[in-house]
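Asker: Can you read through this structure? Questions will come right after.
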Amino acid sequence: MATDGYGLSRRERPRAAAAGLPPWSAPLREWQRRALSAVLAHPSRDFLAMATPAAGKTRFALRVAHDYLTGGAAARVLVVCPTNHLRRQWSEAAGKAGVHLDPALTNEQGVEARDYHGAVVTYQQVCLAPALFQRGCAGKSTLLILDELHHAGDGKHWGTALRRAFEPAVFRLILSGTPFRSDNNPIPFIRYEQGESRADFAYGYTEALRDSVCRPIVFPSYEGELTWLSEGREHTATFEDGLTFDRQRERLKTALLQESWLGPVIADAHAQLTRLRKQEQPDAGGLIVGMDQEHARWVADLVGRLTGTQAAVAVSDDPAASRTIEAFAQQTRQQWLVAVNMVSEGVDIPRLRVGVYGTNVLTEMYFRQVVGRFVRMQEHVPKPQRAWLYLPKDPILVHYARQIKAERDHVLEEVMPAGQRDLFGRVTVSAKEYAPLHAVARVDTLIGEDEAPPEGQVVAADMPISLHDRKRELRDLHRLLVGSVARASGVDHRRLNAELIARTGSRVDQATVEQLRKRIQLLERWRDRGYDGKR
């Protein structure tokens, strides 16, 4: 069916008026039009759309909602998202399209007022009262939009509750910015192949760069001399030194807790932000992702002392966190936001251009979600609009950064652990067991600088990396994972390698890239769920 530049057919305009909706007026990107066509032609009630963070998933989903409402395929729309902040964000975006969603619906109310087209609720809210939402979907034909459905894995019984609540929905549109894996209880409404989610439509970071939908990002990584006490002994190392997994995580924590290491990194990031605000984007903003509430407030104080500017702080325990984020996104004078578990996904702050990865969460999913906060293109800013994310030269983080740098069309086939794994947990240890002593940072590598073109040049579709370098990065990660699994399982390295050879068909030094990735996938599974091989 022929459409105008807004993805709306001539026949849909009178239907929109009849449904009490204005005609759709927001222009769609080419990928959004393709995704819309795929949804309308889809034979089943479940559709998983994966699009890289900042590509425009919300507008695409609202266009689907508009079509269902105007066409009479649904009488209401229900959006389920991870946080209360995102409830308000969804409602505001929908309102601009004439679709009015209640962002404050409570379980006590049960159903939104008649003058709404639907509501936005959280996963936790649904899982507290699945029967309530089941009745709502059964009583009124409902289009369901599930935003970042992997959060259904956060609670043991959430998957069961969601399946019960939304079985009656006329259509379930599932959105994700990153692929995810199932655990022992696969997330409902998702099609899996070998444990990985499989999308019905996919739009990756490489395509978004090529289409100028997303910015290229550069990763300045920092080395340093780090010293800490652990189990009664003093340890000193750089990020390049080979350590056991326990000592490796203590090394990273030491860097993030020491002003002598984190201070120079923040100072360099602030210098980059100042340059951007003077030369390119006067309202450019910066984000530092912290470990926890106490760490975030310490970092904000450090930012103030180093830069002379006051940083906003948004932590999940603070009821005012959403208002803090909204204020930071809308105003231009404040330069820095320090946040914990508030901006990893979905939160829209387009002016963010510089970041510091100051957290101890080391899953690839979380890392990519943080990266997604910085890559949204802005029309009024000159291209290529590069962004910077400053990070420790921890081998796992460097591996993720290089993967993003070298991204190709196979990005959506990469293995990503489900959920967020906090490297250090939330257990407080005594000073006798661990205490950071000293750390000095020095800039080391600028990952991705070579892929950021000069002003006016188009981003190349292919940014080659040598096979040798790719394998070296994979082997480095492989070595770390073998050590981690060996310590957790009590199985020695030789036995693990024998099992890996049996399952992948090659020794590590003779393995292809595909075989190395298969080894890493197995090791990550053993690390997260326990070793299941021969002893």
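Asker: Using the basic label-point model (7 angstrom from Cα toward the beta carbon), what is the residue 192 to residue 510 distance in nanometres?
Answerer: Spacing of the two 7 Å Cα→Cβ label points: 3.3 nm.
Asker: With every atom except the alpha carbons ignored, what do you get for Rg and Dmax of region 259-324, in angstroms?
Answerer: 12.7, 37
Asker: If you don't mind, there's one more thing I want to ask. If you plug each phi of region 389-403 into the Karplus form 6.51 cos²θ - 1.76 cosθ + 1.60 with θ = phi - 60°, what whole-Hz ³J(HN,Hα) values come out, in order, with x for Gly and Pro?
Answerer: 10, 7, 8, x, 7, 5, x, 6, 5, 5, 4, 4, 4, 5, 4
Asker: Also: Between residue 318 and residue 275, what's the calculated FRET efficiency when r is the beta-carbon distance and R0 is 45 Å? Round to 0.05.
Answerer: 0.90
Asker: Over all pairs of distinct alpha carbons, what does the Kirkwood formula give as the hydrodynamic radius of region 467-529, in Å? Before the final figure, lay out each step's value.
Answerer: Details: mean 1/r = 0.0866 Å⁻¹.
Evaluated over region 467-529, this radius sits at 11.5 Å.
Asker: For residue 479 and residue 92, FRET efficiency with R0 = 51 Å and r from the beta-carbon atoms, rounded to 0.05?
Answerer: Once rounded, the FRET efficiency stands at 0.60.
Asker: Once the Cβ-Cβ distance between residue 211 and residue 498 is put in as r, and R0 is 60 Å, what FRET efficiency do you end up with, to the nearest 0.05? Before the final figure, lay out the partial values.
Answerer: Working: r = 46 Å, r/R0 = 0.77.
E(calc), rounded to 0.05, equals 0.85.
Asker: In what sequence, highest mean first, do 37-50, 283-296 appear when ranked by Cβ atoms within 10 angstrom? Could you put the intermediate results ahead of the total?
Answerer: On the way: 37-50: 15.4, 283-296: 22.4.
Taking the mean over residues of other Cβ atoms within 10 Å, the ranking is 283-296, 37-50.
Asker: Taking amide H positions as placed 1.01 Å from N in the peptide plane, with prolines and chain starts having none, which residues 5 or more places from residue 285, or on another chain, fall under 5 Å of its amide H?
Answerer: 352, 353, 354
Asker: Would you mind working out the magnitude of the charge dipole of region 467-529 relative to its Cα centre, with +1 at each Lys and Arg C-beta and -1 at each Asp and Glu C-beta, to the nearest 20 Debye?
Answerer: The calculated dipole for region 467-529 is roughly 100 debye.
Asker: Compare the peptides 397-405, 162-170 by average per-residue count of other Cβ atoms within 10 angstrom and give them in order, highest first.
Answerer: Put in order of decreasing packing, that is 397-405, 162-170.
Asker: Using the Kirkwood radius over Cα pairs, work out the Stokes-Einstein diffusion coefficient for region 12-203 at 37 °C and 0.692 mPa s, in µm²/s as a whole number.
Answerer: Here the translational diffusion coefficient equals 198 µm²/s.
Here, each number is a calculation from the coordinates, and none is a lab measurement. This structure is a prediction, so every number in the text was calculated from the model and none was measured. Cβ: placed from backbone, ideal geometry, glycine included. Neighbour counts: every protein chain shown.
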